[in-house]
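Undergrad: Okay, handing you the structure first.
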Amino acid sequence: MKLTKPRLALICGILCISIFPILVKLKLTPGLISAFYRMFFAVTLLLPYVLLSKNFKLPTLKFTLLAALCGILFASDVAVWNIAIQDSSATQASLLTNLSPVWVGIGSFLFLKSKPATNFWIGTLVSLFGMVTLVGFAFFVELNFNQAFLFAVLSGILYSIYLLISKNVLSKVDVLSFMTISLFASSIYLGILSYLLNEPFTGFSDTGWFILILQAVICQLCAWLSVSYATQHMRATRVSLSLLSQAVITSILAWLFLEEKITLQMVIGGIILLFGIRITFYDKTISLKKLSSKTD
């Protein structure tokens, strides 16, 4: 598989995103306010750069509004995912959120001109099986269908809508301008929401503030500038499925920093998951008819 610039950007984005569940799981700040500061600090750092370097170009009203809508969708995704992680296990929240490739595939089939290839559906099934193996089959028997469960599913749906709309916007708007508009909209939206829900904007420890800044720089700016660039040059379905690999990296980071155990089953599940992602990058379309005829 050739490592082109978009693919390298996607790998970089996945690595940066993988840190996020570990930081949220520390519970140094409430979930909603954590999402607000992630966006606020990110746009505070990005805005001076794009203005001074003259890299910001205001798009047409239509695409400005769509970029702002992407910001609201992404902010909602992060907010409900934060709450889901803190109110349940990180495993449950990550698994349910990572159902987004299914929603992206369905959305692409219904609304986009470029339909998901056979390889995508095969890769999705293999990757989801790998995800199930990673967390354990017994996990599904114990699923608690509470608010955290619903928020985790909602997070995946919101992200899939964001990815489909952003794919359209990024075909007409450059990455830096798109990120600036979407982050500005995210900050205003989450700021108002946090104020209305009486979330605390201050009173955190020094470590808490450091984690908030780290989320903004690594998990937002570095991660989503990279992912947005990849989305601009790659299929939305392929990007969404590739993001599943963050579960594997997060598991390794949790083992290193949170002393969570990694079992042989998790290793096997991770390998299956990554193999499913690799199938979607296979250039030749896999024919199910040919595969079935070979087994006859």
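Undergrad: Tell me, what is the per residue accessible area of segment 156-289 in Å², probe radius 1.4 Å? Can you show the working numbers first?
TA: Details: 6530 Å² over 134 residues.
On a per-residue basis, segment 156-289 sits at 49 Å².
Undergrad: Find the percent of Cα-Cα distances in segment 176-250 that exceed 16 Å, and round it to a whole number.
TA: On the way: 1833 of 2775 pairs.
In whole percent, the long-distance tail amounts to 66.
Undergrad: Something else: If the viscosity is 0.692 mPa s and the temperature 37 °C, what Stokes-Einstein diffusion coefficient in µm²/s follows for segment 1-41 when Rh is the Kirkwood radius over Cα pairs? Please list the in-between numbers first.
TA: Working: Rh = 12.0 Å.
Using the Kirkwood radius from Cα pairs, D works out to 272 µm²/s.
The values are calculated or read from the model by the stated rules, or taken from the named source; none is laboratory data. Just so it is clear, the structure is predicted and the values come from calculations on it, not from any experiment. Areas reflect the complete protein model, heavy atoms only, side chains present, ligands, DNA and RNA absent. Shrake-Rupley method; radii C 1.70, N 1.55, O 1.52, S 1.80 Å.
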